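Visitor: Below is one structure. I have some questions about it.
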Amino acid sequence: MQCRSGTGDRLHRRQEYHGIKTAVVTGASSGIGLVVARELARDGWRVIAQGRHPARCEAALAEIRSAAPGAQVNMLRADLSIMDKVDAFASQVAASTDRIDLLVNNAGATPSRRVETADGFEQTFAANHLAVFLLTDRLLLLLKAAAPGSHVVTTASVAFKFIKDMKWDDLQQVQSFSASDAYTQSKLANILFTREMAKRVKHACIPASCKPTSTVTAILRQADVFLRKTVLADA
C-alpha cells in the first residue's frame, strides 16, 4: 500500500473512470478531510486525497478502503505549505483525471511559533490560504471541464470572527507573531477568497462555498489555549 498515485498513461485512466464523479480532498489523512474522503468513497466517488505525514496517509487510506471496499481512491503526499509542492500536486492530479467534480480545500496548519517556509511565507498563511488560492487556480480548468455541476468547498472556521480585518501591513506577521492571529487571519482570508471566486467563476457555473466550523480537529488541538477556548465557546 503506497501513499501515491498508481502508474499508467492518462488516456487509460480517463477510460477507467469514465462516468464516475471525481473529488479532490486535501488534508484527508485525518479529521474533517478523512471523513469527507471516506464518505465520498462510500458513495461511489473516485477520490484523489492528499496528506502530508506518511504514517497518517497509510492509516487513512486503509480506513477509507475498509469502509468502502473496492473504492477508487488515491492518497498523494504533499506539503501544501510550499508552493512548488502545490504545483506538483496539481500536476499529479491533472495527470490522473480530465475533470474534477468536487474540490475540497481542507488542508491547513497552525504552528504555535512563527515558521517561515522555503518560499519565505509564514507557514499558517501559506498552508491555510496561499495553497488554497494556488491549488484552486491550477485545477480550475479541470473544474470547468465538469461544469455545470462542479463545486469548490473550502473549510473555514468560526475563528474568523475574532479578527477585525486582515493585517495588510504585516500579512506574514514578521513584526509581531501570534498563533491565534495567524490562524484567524488565514480563515478570514479563506472567506474573502471564496466570496471573490464565487463572483469570478459564476459565468462558468462553478459554485464556490466555505463552511465556518468549530469541529475539534488535530489543528484545533494544536492551537494555543486562547484560540481553543474562543472557538469552542462559539460552537
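Visitor: When you scan region 133-147, how many residues do you find that are assigned to a helix (DSSP H, G or I) and open to solvent by 10 Å² or more (accessible area, probe 1.4 Å)?
Guide: Count: 9.
Visitor: Are there any pairs, at least 6 apart or on different chains, whose C-beta atoms fall under 9 Å, with the first in region 107-121 and in contact (Cβ under 8 Å) with a residue 60 or more places away in the chain and farther than 26 Å from Val35 by Cα and the second surrounded by 17 or more Cβ atoms within 10 Å (Cβ to Cβ) and polar (S, T, N, Q), and if so, which?
Guide: Matching pairs, first to second residue: Arg114/Gln123; Arg114/Thr124; Arg114/Gln172; Arg114/Gln173.
Visitor: For region 95-110, give me each residue that is more than 19 Å from Arg56 (Cα to Cα) and under 16 Å from the mean Cα position of the chain (by Cα).
Guide: Result: Ile100, Asp101, Leu102, Leu103.
Visitor: Take the residues in region 185-199 that are basic (Lys, Arg) and surrounded by fewer than 20 Cβ atoms within 10 Å (Cβ to Cβ); name whichever of them is nearest to Ala126 (Cα to Cα).
Guide: Step by step, filter region 185-199, then rank; the result is Arg195.
Visitor: For region 42-57, which residues satisfy the criterion of being under 17 Å from Arg99 (Cα atoms) and without any contact (Cβ under 8 Å) to a residue 40 or more places away in the chain?
Guide: Gly44, Val47, Ala49, listed by residue number.
Visitor: Okay, moving on. If Val174 satisfies all but one of (1) of a type in the set (A, V, I, L, M); (2) assigned to a helix (DSSP H, G or I); (3) open to solvent by 80 Å² or more (accessible area, probe 1.4 Å), what's the number of the condition it fails?
Guide: With respect to (1) of a type in the set (A, V, I, L, M); (2) assigned to a helix (DSSP H, G or I); (3) open to solvent by 80 Å² or more (accessible area, probe 1.4 Å), Val174 is out only on (2).
Visitor: Quick one: which residue in Ala126, Ala88, Ala95 is under 19 Å from Ile20 (Cβ atoms), in a helix (DSSP H, G or I) and at pLDDT 95 or above?
Guide: Residue meeting the stated conditions: Ala95.
Visitor: Mind checking whether some residue in region 50-65 is closer than 23 Å to Ile191 by Cα, open to solvent by less than 30 Å² (accessible area, probe 1.4 Å) and in a loop (DSSP other than H, G, I, E, B)?
Guide: No - not one qualifying residue is present in region 50-65.
Visitor: Now a separate question. Would you point out which residue out of Asn128, Asn106 is touching a Gly at 6+ places or on another chain (Cβ under 6 Å) and open to solvent by 20 Å² or more (accessible area, probe 1.4 Å)?
Guide: Unique residue meeting the criteria: Asn106.
Visitor: Checking Ala156 against (1) under 24 Å from Ser29 (Cβ atoms); (2) modelled with pLDDT of 95 or more: exactly one of these is not met. Which one?
Guide: (2)
Visitor: Continuing with this model, one more query. Would you tally the residues in region 66-77 being under 25 Å from Ser157 (Cβ atoms) and open to solvent by 10 Å² or more (accessible area, probe 1.4 Å)?
Guide: 1
Visitor: Identify, by number, the condition in (1) open to solvent by less than 20 Å² (accessible area, probe 1.4 Å); (2) under 20 Å from Ser96 (Cα atoms) that Ser157 doesn't meet.
Guide: (2)
Visitor: Right, another one. Read through the list (1) open to solvent by 30 Å² or more (accessible area, probe 1.4 Å); (2) touching a helix residue (DSSP H, G or I) at 6+ places or on another chain (Cβ under 7 Å); (3) within 12 Å of Thr124 (Cβ to Cβ), then give the number of the only condition that Ala182 fails.
Guide: Among (1) open to solvent by 30 Å² or more (accessible area, probe 1.4 Å); (2) touching a helix residue (DSSP H, G or I) at 6+ places or on another chain (Cβ under 7 Å); (3) within 12 Å of Thr124 (Cβ to Cβ), Ala182 violates only (1).
Visitor: Pairs needed: first member in region 8-29, under 20 Å from Cys57 (Cβ atoms) and of a type in the set (Ser, Thr, Tyr); second member anywhere, modelled with pLDDT under 50 and open to solvent by less than 30 Å² (accessible area, probe 1.4 Å); C-beta distance under 9 Å; at least 6 residues apart or different chains.
Guide: If the second residue must be modelled with pLDDT under 50 and open to solvent by less than 30 Å² (accessible area, probe 1.4 Å), the pairs left are Ser29/Cys3.
Visitor: Determine the pairs where a residue that is touching a residue at least 40 places away in the same chain (Cβ under 8 Å), located within region 71-93, has a partner that is part of a strand (DSSP E or B) and of a type in the set (Val, Ile, Thr) with Cβ atoms under 6 Å apart, the partner being 6 or more residues away or on another chain.
Guide: Close Cβ pairs (under 6 Å, with a partner that is part of a strand (DSSP E or B) and of a type in the set (Val, Ile, Thr)) amount to Asn74/Ile48; Val93/Val24; Val93/Ile48.
The values are calculated or read from the model by the stated rules, or taken from the named source; none is laboratory data. What you see is a predicted model; the values in this text were computed from it and never measured. Counting neighbours? That spans all protein chains shown, and the Cβs are built from the backbone with ideal geometry, glycine included. Heavy atoms of the whole protein, side chains included, go into the accessibility calculation; ligands, DNA and RNA do not. Shrake-Rupley method; radii C 1.70, N 1.55, O 1.52, S 1.80 Å.
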